[in-house]
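The values are calculated or read from the model by the stated rules, or taken from the named source; none is laboratory data. Being a predicted model, the structure only gives us computed values, none of them experimental. FYI the Cβ positions are ideal-geometry reconstructions off the backbone, even for glycines, and counts take in every protein chain you see. Heads up: the accessible areas ignore ligands, DNA and RNA and are worked out on the full protein's heavy atoms, side chains in. Shrake-Rupley method; radii C 1.70, N 1.55, O 1.52, S 1.80 Å.
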Amino acid sequence: MECPRIHCPAFAQKRQRTKLAEQNRHNRRPRLNTHNLTPHRRDIVKGIVVGTGALALPAWFSTPGLFADELTATPKMTEGPFFPDKLPLDTDNDLLLINDAITPAVGKITHLTGRVLSTSGQPIRNALVEIWQVDNHGSYLHSRGGNPRNGNQRDSNFQGYGRFLTNNKGQYYFRTIKPVSYPGRTPHIHFAVSHHGHRMLATQMLIKGHEQNARDGLFRAIREEKLRETLLAEFQPLPESKIGELTANWDIVIGRTPSDEK
């Protein structure tokens, strides 16, 4: 399967403006222009294309309904107290660069992909996927979200929050950093999924195999092992990346679909 590409005039302009950052930080991924939240402009980034060998996707990625009877709904997890109390000026799906800035955020660059599905395996298109997470210092984009162990430092170049409208295959894409821990919590990324303004799910994605998972109170509160497994994503090196980029693929299964709400 070949993931759809982004075509827009502003894309080339953004790419030109990031050349300095590419030289200074070896950041070779293009800036994404996704302010409008329109699906045709927010499809999977052109660098993540099976045809180029950049990322190998499983066969079932493009087959709606396959193994549908085996899908388990992603469990809810708390939004926490640190959903941004003031949204950033830039809310697109590239959390590494803010608007026209040329200095990227610090952290392990991660290309985060996945699908939003119903329990029957059908993709949910035009679902608004929001993510928010701490920066490399362990601080949230929140007035009370600083990490005291790091002197409440913040990476002013990290967007901290992003959003994306799924395409007709239910796919989403974010460019962000690999999550880091902060006092009392294992590394994680917060997710929220909405449709037509209705919040369907708030949950969290954790790093598969991370040693702090077993000690994380919120993760342990989910007693059933099968449900805990649905919250874990494996972070793997991006093939042929010369700067140590990572990929992670994580599907979100909604226990109730938009049609159920009518």
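Using mean Cβ contacts within 10 Å as the protection proxy, how do 151-159, 130-138, 247-255 order, highest first? All intermediate terms of the calculation are to be shown ahead of the outcome.
Working: 151-159: 17.6, 130-138: 23.6, 247-255: 20.0.
Ranking, from highest mean packing down: 130-138, 247-255, 151-159.
Annotation: amide H-H contacts under 5 Å for D251 (H modelled 1.01 Å from N, sequence separation of 5 or more, or interchain): R115. Taking amide hydrogens as placed 1.01 Å from N in the peptide plane, the amide H of K208 sits under 5 Å from those of A233, E234, F235, each at least 5 positions away in sequence or on another chain. Phi-derived couplings, Karplus 6.51 cos²θ - 1.76 cosθ + 1.60 at θ = phi - 60°, listed residue by residue for segment 100-112: 9, 4, 10, 9, x, 5, 8, x, 7, 4, 10, 9, 9 Hz, with x used for Gly and Pro. Placing one identical point scatterer on every Cα of segment 180-262 and ignoring solvent, what is log10 I(q)/I(0) from the Debye formula at q = 0.17 Å⁻¹? Once normalised to I(0) and log-transformed, intensities are -0.82. Per residue, segment 99-200 exposes 35 Å² of solvent-accessible protein surface, assessed with a 1.4 angstrom probe and all protein chains in place.
What's the carbon and sulfur percent of segment 70-217's accessible surface, probe 1.4 angstrom, rounded to a whole number?
Details: 2840 of 5750 Å².
The nonpolar share, carbon plus sulfur, comes to 49 percent.
Take each peptide in 195-202, 161-168, count the other Cβ atoms within 10 Å of every residue, and average; sorted highest first, the result is 161-168, 195-202. Report the FRET efficiency, 1/(1 + (r/R0)^6), for D100 and Q122, where r is their Cβ-Cβ distance and R0 is 41 Å, rounded to 0.05. Once rounded, the FRET efficiency stands at 0.60. When each of the peptides 74-83, 233-242, 120-129 is scored by how many other beta carbons lie within 10 Å of its residues on average, the order from highest to lowest is 120-129, 74-83, 233-242.
Computed 3J(HN,Hα) for segment 123-130, one whole-Hz value per residue from the Karplus formula 6.51 cos²θ - 1.76 cosθ + 1.60 where θ = phi - 60°, is x, 9, 8, 6, 7, 8, 9, 10, glycine and proline marked x. To the nearest 0.05, what FRET efficiency results for L87 and K226 with a Förster distance of 22 Å applied to their C-beta separation? Rounded to the nearest 0.05, the efficiency is 0.05.
Taking amide hydrogens as placed 1.01 Å from N in the peptide plane, the amide H of S118 sits under 5 Å from those of I124, I254, each at least 5 positions away in sequence or on another chain. Phi angles of segment 90-97 translate, via the Karplus equation with coefficients 6.51, -1.76, 1.60 and θ = phi - 60°, into HN-Hα couplings of 10, 10, 7, 9, 10, 7, 8, 10 Hz per residue; Gly and Pro are given as x.
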